[in-house]
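The values are calculated or read from the model by the stated rules, or taken from the named source; none is laboratory data. This is a predicted model, so every value here is computed, not measured. All Cβ positions, even for glycine, are placed from backbone atoms using ideal geometry, and neighbour counts span all protein chains on display.
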Amino acid sequence: MKKGLRSRLTSYGDEEFALFLRRAFLKSAGYDDSALDRPIVGIASTASDFNPCHATVPRLVEAVSRGVRDAGALPFVFSTISLHESFIHPSTMILRNLMAMDTEEMLGRQPVDAVVLIGGCDKTVPAQIMGAISADVPSVMVVVGPTVTGRYQDERLGACSDCRRLWAAHRAGEIDDAKLAGAHGNLVSSHGTCTIMGTASTMAAMAETLGLMLTGGTSIPAVHSARLRHAEAAGRRAAEMAAAGGPRPSEVITAASLRNAVTVLQALGGSTNCIIHLAAIAGRLGIPLDLDEVDAIGRDTPVLIDVKPVGKGYMEDFHGAGGLPALMKRLDGRLDRSAATVMGCTLGEALARTPDWSDEKVIRPLADPISHGEALAIVRGTLAPDGAVIKRAAATQALMRHEGPAMVFDDIADLMARIDDPDLPVTADHVLVLRYAGPVGAPGMPEAGGIPIPRKLARAGVKDMVRISDARMSGTASGSIVLHIAPEAAVGGPLALVRDGDRILLDVAARRLDLLVAADEMARRRAAWQPPRLPGRGYARLYVDHVMQADKGCDFDFLQAEREGP
Ligand code: FES
């Protein structure tokens, strides 16, 4: 296979001319002939003023470039789409697949022998992994790293679990405007990704567990100098991979490493979003992610880290305690140590090089876990024939078996319009239902599933209720919340047929979510159901025409691993 500048030439029907022209343009950029003979390491930059989590990307790019040059290759920086959770309407999820396509196409069509992908904020990491798998170019992941905590008065604060906690307390009238305003500037105290085990940190951990990241890269805080040294080492390693032609993502990520990822996810009590992203990553390899296996691994894997939202600490505590390598060592017998990594060694060999010490207060021993397991459980039933997810580790245990009447919100606009209506006939016993908020319905499956407790109940002291939807929720959120109901309402899932007052039974121990309505009545409702109007043009149209349901990872059907046949 051709390498360096000779690879992926522009098709003029004359390869020598294409190379002659390419070199002429690079000479115009100041490169001499000797530089142009080296292997090329692309550096995918996601710097963007719309992505404050990635404000350190330019310094990481410099560090990666240094490492690439030190190892004798040529670094070429290029930009891709960048996604920040707070800057995309209605949700970054609608653009995850577009970013994956951007990454795949730029890797597959530029003369890139290897790449360092710099991601961080929630959807950027899965998008980059998905794109890298499909392009199958040797790839090393570097994340920007988590923020450090701030303080306000007597509280230690970090995004976004504390953002949500303080907002809920303010809605409930427990803290005043002045306290909220005082805390505001201390919630996100540095550049980097959210300070807790939300989606960004969970996905970073997935990249490391899958073998795509150098050991220990998950948790180094964004502003620590070690983060720059890690990036430089990633650049050096990518240069070696560029020269060697591998390993490629398809050689690193296997069914075994995906099982390792699910085990780590459960032990972290990580983000529910991660299940969708892992399903999409697996789909790119043609390995279906079995939700029942996700559930079974969860039953057998204790939650070991004391980090929010399921514990008390923050990512910097996890890092100081030994980080992901220490957690993986705890999970030793449960992980396949023979899984490959981009470092050219197995996961087991990589872990053997890390210190044995860890702080047992933050990374708990198997005999003294945060919870016995079942961090993320899969429920099925008449309301969720293809499954739904509940983060049991962050829920109220007393609500894990609950039957109550439905209070239905027909979409996010309806929810916003009525949830705080003082005349809403809602009680703490109700099951709050949000629908038409899934991949097709919203479209883009926003993180609206953490339905707020109606203000009048919050002010009366209600902290949690059973809430169900076809939406997602932030990895930083908590509560007795069933998400990702599949099939979603917009494609005619049974969620579309629920009416106010219908009885709903959630029984997590039995893994059931059922609508207690007779079959003949359901058939009558189904016959009268009308599908919603969907977007008529542009990317939104492409999205709703091709996005798969949550249990399949919400990837586009045409981006799955190539199959034989028409
Ligand atoms: Fe970027 Fe949380 S908003 S990681």
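Assorted remarks:
- Those residues of the range 422-453 which are in contact with a His (Cβ under 9 Å, 6 or more places away or on another chain), surrounded by 24 or more Cβ atoms within 10 Å (Cβ to Cβ) and without any contact (Cβ under 8 Å) to a residue 40 or more places away in the chain, in sequence order: GLY449
- Failed item, numbered, when LEU5 is tested on (1) part of a loop (DSSP other than H, G, I, E, B); (2) at pLDDT below 95; (3) of a type in the set (A, V, I, L, M, F, W, C): (1)
- Test: THR346 is at pLDDT 95 or above, of a type in the set (S, T, N, Q) and surrounded by fewer than 23 Cβ atoms within 10 Å (Cβ to Cβ): yes
- Note on the range 175-219: residues that are small (Gly, Ala, Ser) and either in contact with a His (Cβ under 6 Å, 6 or more places away or on another chain) or not in a helix (DSSP H, G or I) (or both) total 9.
- Just one of the listed residues (GLY67, GLY72, GLY42) is away from the ligand (no atom under 16 Å from the Cβ), within 21 Å of VAL115 (Cα to Cα) and assigned to a helix (DSSP H, G or I), and it is GLY67.
- Taken over the range 379-403, the criterion of being within 20 Å of the chain's Cα centre (by Cα) and farther than 13 Å from ALA509 by Cβ is satisfied by GLY387, ALA388, VAL389, LYS391, ALA393, ALA394.
- In the set ASP507, ASP514, ASP502, only one residue is in contact with a Ser or Thr (Cβ under 6 Å, 6 or more places away or on another chain) and at pLDDT 95 or above; that residue is ASP514.
- Of residues in the range 467-487 being among the β-branched types (Val, Ile, Thr) and away from the ligand (no atom under 16 Å from the Cβ), the one farthest from ARG401 (Cα to Cα): ILE485
- Sole residue being in contact (Cβ under 8 Å) with a residue 40 or more places away in the chain, part of a strand (DSSP E or B) and buried (at least 24 other Cβ atoms within 10 Å of the Cβ), chosen from LEU107, LEU117: LEU117
- Among all residues of the range 384-395, there is none that is part of a loop (DSSP other than H, G, I, E, B) and surrounded by fewer than 18 Cβ atoms within 10 Å (Cβ to Cβ).
- Among the candidates ARG96, ARG151, residue that is among the basic types (Lys, Arg) and either farther than 19 Å from ALA279 by Cα or free of Cβ contacts under 8 Å to residues at least 60 places away in the same chain (or both): ARG151
- Being under 25 Å from ALA471 (Cβ atoms), away from the ligand (no atom under 15 Å from the Cβ) and touching a residue at least 24 places away in the same chain (Cβ under 8 Å) holds for only one residue in LEU210, LEU268, and it is LEU268.
- The lone criterion from (1) at pLDDT below 95; (2) within 14 Å of the ligand (Cβ to nearest atom) left unmet by GLY185 is number (2).
- Among the residues listed as ARG164, ARG171, the single one being within 15 Å of the ligand (Cβ to nearest atom), surrounded by fewer than 24 Cβ atoms within 10 Å (Cβ to Cβ) and either among the basic types (Lys, Arg) or at pLDDT 95 or above (or both): ARG164
- Among the residues listed as ALA458, ALA519, ALA486, the single one being touching a residue at least 60 places away in the same chain (Cβ under 8 Å), farther than 27 Å from ASP545 by Cα and of a type outside the set (Ser, Thr, Tyr): ALA458
- Residues that are within 21 Å of LYS463 (Cα to Cα) and touching an Asp or Glu at 6+ places or on another chain (Cβ under 8 Å), drawn from the range 377-399: ARG392, ALA393, ALA395, THR396, LEU399
- Looking across the range 515-566, just one residue is closer than 21 Å to ALA384 by Cβ and among the polar types (S, T, N, Q), and that is GLN549.
- Filter result for the condition that a residue is in a loop (DSSP other than H, G, I, E, B) and either without any contact (Cβ under 8 Å) to a residue 60 or more places away in the chain or touching a Cys at 6+ places or on another chain (Cβ under 8 Å) (or both), over ASP102, ASP33: ASP33
- Taking (1) more than 24 Å from LYS391 (Cα to Cα); (2) within 16 Å of the ligand (Cβ to nearest atom) in turn, ALA204 satisfies each apart from (1).
- Qualifying residue in the range 391-412 (condition: more than 22 Å from LEU516 (Cβ to Cβ) and among the polar types (S, T, N, Q)): yes
- Qualifying residue in the range 46-58 (condition: part of a helix (DSSP H, G or I), within 27 Å of the chain's Cα centre (by Cα) and more than 16 Å from the ligand (Cβ to nearest atom)): yes
- Restricting MET141, MET197, MET130 to those that are within 13 Å of the ligand (Cβ to nearest atom) and either touching a residue at least 40 places away in the same chain (Cβ under 8 Å) or touching a helix residue (DSSP H, G or I) at 6+ places or on another chain (Cβ under 6 Å) (or both) reduces the list to MET197.
- Filtered residue count, the range 107-127, keeping only those that are within 12 Å of the ligand (Cβ to nearest atom) and not small (Gly, Ala, Ser): 5
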